[in-house]
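Undergrad: Input: one structure, supplied below.
The values are calculated or read from the model by the stated rules, or taken from the named source; none is laboratory data. Quantities reported herein were computed from a predicted structural model and do not represent experimental measurements. For neighbour counting, all protein chains shown are included, and Cβ atoms are generated from backbone atoms with ideal geometry for every residue, glycine included. Quick note on the areas: whole protein, heavy atoms, side chains included, nothing else; ligands and nucleic acids left out. Shrake-Rupley method; radii C 1.70, N 1.55, O 1.52, S 1.80 Å.
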Amino acid sequence: SFESMAERKNISLNTHFSGKFEEAYYDQDKLEKIVNNLLSNAFKYTPQGGAVSVNVNLTDENLSLEISDTGDGMHKKDIDRIFDRFYRVEGTEAKGSGIGLALTKELVTLQNGQINVHSEKGRGTTFKVRLPVTLKNLPDAIHLEREPTPSLEPEEASIGTEEVTNGKVVSSQDN
């Protein structure tokens, strides 16, 4: 877990969650991969004694995720290419393959989301992700089929090959 990683590396992990989470539609698998990739990078590039912060805000239409670290940061020339497949910032080649951020951007884009990065050399990096959580803002490739259910039973929906309870999680067929 990231908590144990923070403890092992003596990194402060700060989290903040705000907003109502009554009903949100999202692809759980893709969201987990996005969060894991961004947090893995944050811990990978944050030195001992540094900090990683996670802020999550849910509005009526979007989930906003912000992950910041107090690592070394990047130069502007690297920021422009950070989402390119196999690109690695000079001096960090031993720390990764250059695939994680390209995959993360692809997963965000598949869900009609946006991802941005702000970084300054010597000051750390912040990734901001915004994903829609309403059916009307999800990609056309997502199909939510509601099946008739007896009253007092949870509503079920079939999406591709996945089954969803209470219509909370959706998945596109291009997994």
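Undergrad: Looking at (1) open to solvent by 30 Å² or more (accessible area, probe 1.4 Å); (2) modelled with pLDDT under 90; (3) over 24 Å from residue 122 (Cβ atoms), which is the only condition residue 102 fails?
TA: Checking residue 102 against (1) open to solvent by 30 Å² or more (accessible area, probe 1.4 Å); (2) modelled with pLDDT under 90; (3) over 24 Å from residue 122 (Cβ atoms), the one that fails is (1).
Let's see how each residue does on (1) free of Cβ contacts under 8 Å to residues at least 24 places away in the same chain; (2) open to solvent by 10 Å² or more (accessible area, probe 1.4 Å); (3) touching a helix residue (DSSP H, G or I) at 6+ places or on another chain (Cβ under 7 Å); (4) part of a loop (DSSP other than H, G, I, E, B):
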position	(1), (2), (3), (4)
31	no, yes, no, no
34	no, no, yes, no
38	no, no, yes, no
41	no, yes, yes, no
44	no, yes, yes, no
48	no, yes, no, yes
57	no, yes, no, no
60	no, yes, no, yes
71	no, no, yes, yes
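Undergrad: If you don't mind, there's one more thing I want to ask. Evaluate region 65-77: report whether one residue or more is within 26 Å of residue 136 (Cα to Cα), touching a Gly at 6+ places or on another chain (Cβ under 7 Å) and modelled with pLDDT of 80 or more. Explain how you work it out, then say what you get.
TA: Let us first name the residues in region 65-77 that are within 26 Å of residue 136 (Cα to Cα), namely 65-66.
Retained after the next criterion (residues that are touching a Gly at 6+ places or on another chain (Cβ under 7 Å)): none.
No.
Undergrad: Give region 1-16 a look and list any residue that's among the basic types (Lys, Arg) and without any contact (Cβ under 8 Å) to a residue 24 or more places away in the chain, or say none. I'd like the intermediate steps shown before the answer.
TA: Looking only at region 1-16, we keep the residues that are among the basic types (Lys, Arg), and these are 8-9.
8 - this is the single residue of region 1-16 that is among the basic types (Lys, Arg) and without any contact (Cβ under 8 Å) to a residue 24 or more places away in the chain.
Undergrad: Mind listing just one residue for me: the one in region 18-29 that is open to solvent by 50 Å² or more (accessible area, probe 1.4 Å) and more than 14 Å from the chain's Cα centre (by Cα) and, of those, modelled with the lowest pLDDT?
TA: 21
For (1) touching an Asp or Glu at 6+ places or on another chain (Cβ under 6 Å); (2) modelled with pLDDT of 90 or more, each residue gets a yes or a no:
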site: 12; (1), (2): no, yes
site: 36; (1), (2): no, yes
site: 42; (1), (2): yes, yes
site: 62; (1), (2): no, yes
site: 85; (1), (2): no, no
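Undergrad: Taking region 6-21, which residues are part of a loop (DSSP other than H, G, I, E, B) and closer than 30 Å to residue 134 by Cβ? Can you show your working first?
TA: Here is the first cut: in region 6-21, the residues part of a loop (DSSP other than H, G, I, E, B) are 9-11, 19-21.
Result: 19, 20, 21.
Undergrad: For region 116-135, which positions are in contact with a Phe, Trp or Tyr (Cβ under 9 Å, 6 or more places away or on another chain) and open to solvent by 20 Å² or more (accessible area, probe 1.4 Å)?
TA: 116, 117, 118, 134, 135 - these are the residues of region 116-135 that are in contact with a Phe, Trp or Tyr (Cβ under 9 Å, 6 or more places away or on another chain) and open to solvent by 20 Å² or more (accessible area, probe 1.4 Å).
Undergrad: Looking at region 104-135, which of its residues are closer than 20 Å to residue 36 by Cβ, assigned to a strand (DSSP E or B) and acidic (Asp, Glu)?
TA: Within region 104-135, no residue meets the criteria.
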